[in-house]
Amino acid sequence: MACIYYGNIAVILRILHRAIGAGICQPEDRKKGASMTTSSTSDATSKPASTRDAGDSGYAKDLKPRHIQMIAIGGSIGTGLFLGAGGRLAQGGAGLTIAYAVCGVFAFLMVRALGELAIRRPSSGAFVSYAREFLGEKGAYVTGWLFFLDWSTTVMADITAVAVYFHYWKSLQVVPQWVLALGALILVFVMNLMSVKLFGEAEFWFAAIKVATILIFMVVAIWAIVTGAPVGSSHAGLANITANGGFFPEGFPIVFALTLGVVFAFGGTEMVGVAAGEAGDARRILPKAINSMIIRIFVFYVGSVALMSLVLPYTAYSSNESPFVTFFAGLGVPYAGSIIQVVVLTAALSSLNAGLYATGRTLRSLALAGSGPKIAGVMNKHHVPAGGIAITAALGLLGVVLNALLPSDAFDIIMNLAGIGIAGTWSAILVTHLAFLRRVREGKETRPSYRMPGAPFTNYLSLAFFVIVVVSNLVSTSGRWTLALFAVVVVAMVVGWYAVRGRINDQMMESIDLADDQPDVLTPEEAARDAAKFEVGDRQ
């Protein structure tokens, strides 16, 4: 049975590859000299960066091309779609597709800016390291802690989603939601303490299952719409929109107000920049992984939400149940709801897995610079930043507490705060890219051939959009509470900077000899040596 199951996934992935050119199943042994088009250009001949970040030392670069491809896919498909889309559809109706499309475009522009920086100098510190290089340690501090806010709150949202998913089955409803949330956190925490290769394999299969599920949903939904099949108490078709208040049944303002939640749904697209630092050949595989992201966004997100609007009235959806489960259960197929529930459970675990991975690397970069807790700089024998991962997991316990106190509202509260963190992180990436472009104009840097389209105009346009998204919280009571909570976070960050600025290590960026560029892969002995060299406790 297992062979049949994985075989079906492989077939689905091949279909996806042929249909949208995502490059999911491309061979790992493709020759490095293979030529590409301009939109997917290898930067092997571009001038590399003349510096490196000391925080990148100690990692074993074991992520393979197929891992990076799937991390790029999995990062842009997560809890925000598999759970959050149901509640947002129930509030805003079919007009939500517009919010997904607009946010998707700006998410793609952001990741192209990040991709240009990552191809120039792949780094596990990613945007924190790039902010350090072009904005200084204060910029790295702000970027890193905004990203930590983003993913630490996302971790809380993900364990909440896991608990909500488990409560789909009546036999598990007797188990308190906080117990299920705690179990999910412990499981993924242990997985992340193992090697990065194990993380890559886990994320590969998590992402494969997510992609297969969405494709199956889209095929079945299109069939239901074409045939007018009964779904729940209605029939699939355009009438589910026209007979239920039209495209904006609750008005356009509510769709605008839901935009922050949509930004949360796209949180994780920046994950590919972090993973690039532990990839064996980042400059070759990143362009294709990033370029295909815009197609995935419109096929998976916009396409899925549009189909959801057509197969059921928007009032049929709920914030307490995955819209995929609502649809398949409404078809009346035996056990279909339970099967899909298991699948969307893996989506939440995937996002949780990625959150611990990314924050661990970010916190280590901050710790080595002196702007983060020293324990975050500790690497274990598997070349994994165990200290940073443990900190995020510990904060995840706040999500467990929230599930115990406010089980019905936990997901929405956390999701809005995470959305602000994501908007802040993406804005920091765009500002860093602008600083890089300024150095280019001054003749101090050379842009790689893989570039953000329309820069710097698209940088400013994207920044204006993210500011509007955050300010849109003022239109709702819950949004105003979210902004108030974020104001507390900002004050804490300001106080934190003045507390750590006296111990900042401003020698993190090291000059390297371009004639003797760093190798793509560290041996275990080299990784152990470098980890010991830059251990936090040894820094003067």
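Per-structure values
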| quantity | calculated |
| --- | --- |
| Filtered residues of the range 464-482 (kept if crowded, with 16+ Cβ neighbours inside 10 Å and among the hydrophobic types (A, V, I, L, M, F, W, C)) | PHE465, PHE466, VAL469, VAL470 |
| Scope the range 176-229; condition over 14 Å from ILE77 (Cβ atoms) and in contact with a Ser or Thr (Cβ under 7 Å, 6 or more places away or on another chain); matching residues | ALA181 |
| Residues that are of a type in the set (Lys, Arg), crowded, with 23+ Cβ neighbours inside 10 Å and assigned to a loop (DSSP other than H, G, I, E, B), drawn from the range 325-384 | none |
| Total residues in the range 149-176, condition out of contact with any Gly (no Cβ under 6 Å at 6 or more places or on another chain), surrounded by 24 or more Cβ atoms within 10 Å (Cβ to Cβ) and not hydroxyl-bearing (Ser, Thr, Tyr) | 6 |
| Matching residues in the range 85-130 - criterion: being more than 30 Å from ALA316 (Cα to Cα) and of a type in the set (S, T, N, Q) | SER123, SER124, SER129 |
| Sole residue being within 15 Å of the chain's Cα centre (by Cα), at pLDDT below 85, under 22 Å from ALA358 (Cβ atoms) and not basic (Lys, Arg), chosen from THR79, THR160 | THR79 |
| Candidate set: the range 386-405, residues that are touching a helix residue (DSSP H, G or I) at 6+ places or on another chain (Cβ under 7 Å) and without any contact (Cβ under 8 Å) to a residue 40 or more places away in the chain; chosen: the one nearest to GLN177 (Cα to Cα) | ILE391 |
| Helices (runs of 4 or more DSSP H) contained in the range 150-258 and holding at least 3 residues of a type in the set (A, V, I, L, M, F, W, C) and within 16 Å of LEU89 (Cβ to Cβ) | 196-227, 252-257 |
| VAL220 over 30 Å from GLY360 (Cα atoms) and either out of contact with any Cys (no Cβ under 6 Å at 6 or more places or on another chain) or crowded, with 22+ Cβ neighbours inside 10 Å (or both) | yes |
| Test: residue in the range 445-459 that is in a helix (DSSP H, G or I), touching a residue at least 60 places away in the same chain (Cβ under 8 Å) and either surrounded by fewer than 23 Cβ atoms within 10 Å (Cβ to Cβ) or of a type outside the set (Ser, Thr, Tyr) (or both) | yes |
| Out of THR259, THR227, THR213, THR269, sole residue that is polar (S, T, N, Q), surrounded by 19 or more Cβ atoms within 10 Å (Cβ to Cβ), modelled with pLDDT of 85 or more and out of contact with any Lys or Arg (no Cβ under 6 Å at 6 or more places or on another chain) | THR213 |
| Any hit, the range 440-447, residues being in contact with a Ser or Thr (Cβ under 8 Å, 6 or more places away or on another chain), modelled with pLDDT of 85 or more and among the aliphatic types (A, V, I, L, M) | yes |
| Filter result for the condition that a residue is assigned to a helix (DSSP H, G or I), crowded, with 24+ Cβ neighbours inside 10 Å and modelled with pLDDT of 90 or more, over GLY93, GLY55, GLY144 | GLY93 |
| Lone unmet requirement of (1) without any contact (Cβ under 8 Å) to a residue 60 or more places away in the chain; (2) not in a helix (DSSP H, G or I) for THR269 | (1) |
| So PHE466, is it touching a residue at least 12 places away in the same chain (Cβ under 8 Å), part of a helix (DSSP H, G or I) and within 30 Å of ASN320 (Cβ to Cβ) | yes |
| Some residue of the range 165-180 being over 29 Å from the mean Cα position of the chain (by Cα) and either among the charged types (D, E, K, R) or at positive phi (or both) | yes |
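Residue-wise test of (1) within 26 Å of the chain's Cα centre (by Cα); (2) at pLDDT below 85; (3) closer than 17 Å to TRP426 by Cβ.
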{"residue": "PHE466", "(1), (2), (3)": "yes, no, yes"}
{"residue": "VAL471", "(1), (2), (3)": "yes, yes, yes"}
{"residue": "LEU474", "(1), (2), (3)": "yes, yes, no"}
{"residue": "GLY479", "(1), (2), (3)": "yes, yes, no"}
{"residue": "VAL488", "(1), (2), (3)": "yes, no, no"}
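The values are calculated or read from the model by the stated rules, or taken from the named source; none is laboratory data. Note that this is a predicted model, so its numbers are computed, not measured. Please note: Cβ atoms are built from the backbone with ideal geometry, for glycine as well, and neighbour counts cover all protein chains shown.
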